[in-house]
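The values are calculated or read from the model by the stated rules, or taken from the named source; none is laboratory data. Everything numeric here is computed off the predicted structure, so don't read it as measured data. A quick note on method: Cβ atoms are made from the backbone with ideal geometry, for glycine too, and the neighbour counts reach across all protein chains shown. When the accessible area is computed, the model is the full protein with side chains, heavy atoms only, and any ligands, DNA or RNA have been set aside. Shrake-Rupley method; radii C 1.70, N 1.55, O 1.52, S 1.80 Å.
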Amino acid sequence: MPGIVREAERWVADVNWDIAGSGYVLSYLGGKNDVYESSGYDGSYDARDFFVLDTGCPFIPIANRFCARSAFYDTAASDRSTETHELRLSSPGDNRFRWSLGYYTAEDELTPLAKYLEVTETGFDVLGAINLVETEAWFASADFDFTDALTLTLEVRHQEDEITSTNQTYVASKYFGPEVFARVRSPNPNAVVGTPGTRSTSFDATLPRVTLTWEPSSDLTLYAQYAQGNSPGGFNDPAAPITTYEEETLTNYEIGAKTRLFGFDYLNAALFFNVYEDQVLTNTFVALTAIQSYRANIGETELKGLELEGGYSLTDNIQARFTYSYIDAEIVEGVDGDQAVLLLGRTCLLGTANNLDGPGCRAAGDISGKEPPLVSRHLGSAGIRWDGDAMDNGWNLFASADLTYRGEFYEQVHNNITIPASTRVDLQVGVQNDNLRLSLWGKNVGDDDAPVGVLRYVDFIAPNGPAGVRPRAFGVTPGELSSYGVTLSARF
């Protein structure tokens, strides 16, 4: 049965020292998280019988030859340890010129555990690699008030990430007893499972941010911002077509206004333009006994859009609010191997792997002009809430209605499959006092049935396509249908 179990211990330290009452503050913020997690999943997505290996089961004899079925059902466990430290020195906050300097370090280690290792039709489970990410950063900021209304903020962060992936190996007899070896062909308790090896890489980036803020009145703040961000790269499975992926970078330009104009409690707007370079998306590859996912840099994406949000008090007891965002996203540079196979077939394959070096394949795989997957052009929400006056007994009535809209989006970079738009309405009515709250609610009362997500996978049951490879199928995550209930909560 798919599911997850997680146990976590979290520690946080936050210390601030106003040095001799001078207004200069030395602060420390640290944390440590230890998380145990076990999970199980069904990667076949349906109940059809299938097998990967056409030559029978090489490891454990199975009469029906449904080999490698176990590769699609998995249970795993891991320990994750994360430790962070930040030290910062800040100048007095009431000066016209203000600054801060800081140092940050983090260590994040994910260790797959042997708890659920199994012997399947195709062999002993391989114990996953230990992944260690060590981060070190220096940062600084400076604020200068040109006038009481105009402020310039300069920020910079230099970050270095060291990423290490260490394969784990084990001797089969360490985790499996005689009863297991009695079931396998050519049993060898001394067999070493896994391939030893360590891979390391590092990334460094200097990330600036510049913000100009103008506050001409207490009801209006205007700003303009330029910023850069990054997400470090990493390693894929050694058998993947691409064994490493590079760092993603994002450059952001934004102008906006935060206001309380026209009688609104708040009315905010922003225009933005983002350049997303070396964007990473996941893909799949066919190994001998399983389907694995890997990450690849597909190219460059540009995003243009706007965001609006507002809140308005219709009466002393009734408040309305809304949000809206529009995103025009386009891949301006990018090549995808699956796109080449879709158009040219076997020409763009080397065995079962995509091969962009085939004649015409790189041009056929060009996805420039496509929209990135899972991105809706239009997102919006609107809501209204009524809070009744308190009665003599201390209780008051309340009611609310909320509408959420998510526009259609593409499932993959090929832009061949569209996930339809979704409109949900949630309703609530109840009573509350200082300690108790009783509500009657209905979620998705219009019974909107649009999917919330779609996962592409390799369909091992269907016959090979014209290119000689397995076709893709899609696992659909349905939206939550209408539900109604009663909730009682207490505060103390």
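Dipole orientation for the chain: of the candidates SER22, THR166, SER90, THR166 has the Cα lying most toward the positive pole (charges on Cβ; Lys, Arg +1; Asp, Glu -1). Ranking ALA390, GLY430, GLN412 by Cα position along the charge dipole of region 375-460, where only Lys, Arg, Asp and Glu carry charges on their C-beta atoms, puts GLN412 farthest toward the positive end. Less than 5 angstrom separates the built amide H of TYR24 from those of ILE19, all sequence-distant by 5 or more or on a different chain.
Solvent-accessible surface of region 356-404, taken per residue with a 1.4 Å probe and all protein chains present: 55 Å². When only the Cβ of Lys, Arg, Asp and Glu is charged (+1, +1, -1, -1), the dipole of region 345-436 relative to its Cα centre reaches about 680 debye. Note on region 367-492: with neighbouring protein chains present and a 1.4 Å probe, carbon and sulfur make up 59 percent of its accessible heavy-atom surface. Excluding same-chain neighbours fewer than eight residues apart, the lysines reachable from LYS304 by a Cα-Cα span under 16 Å are LYS370.
Put the Cα centre of region 176-243 next to the Cα centre of region 426-464 and the gap is 30 Å. Taken one residue at a time, the phi angles of region 142-152 give Karplus couplings (6.51, -1.76, 1.60, θ = phi - 60°) of 8, 10, 9, 8, 5, 9, 5, 10, 10, 10, 10 Hz. Gly and Pro are set to x. The local environment of GLU248, defined by Cβ-Cβ distances under 11 Å, has a net charge of -4 under the rule Lys, Arg +1 and Asp, Glu -1.
Give me the net charge of ASP366's neighbourhood, meaning all other residues with Cβ under 14 Å from the Cβ of ASP366; Lys, Arg count +1, Asp, Glu -1. Residues close to ASP366 contribute a combined charge of -3. Here is how the number arises for the chain: DSSP H runs of 4 or more residues each give -39500 (n - 2.57), the sum is divided by the residue count, and the result at 222 nm is -1000 deg cm²/dmol.
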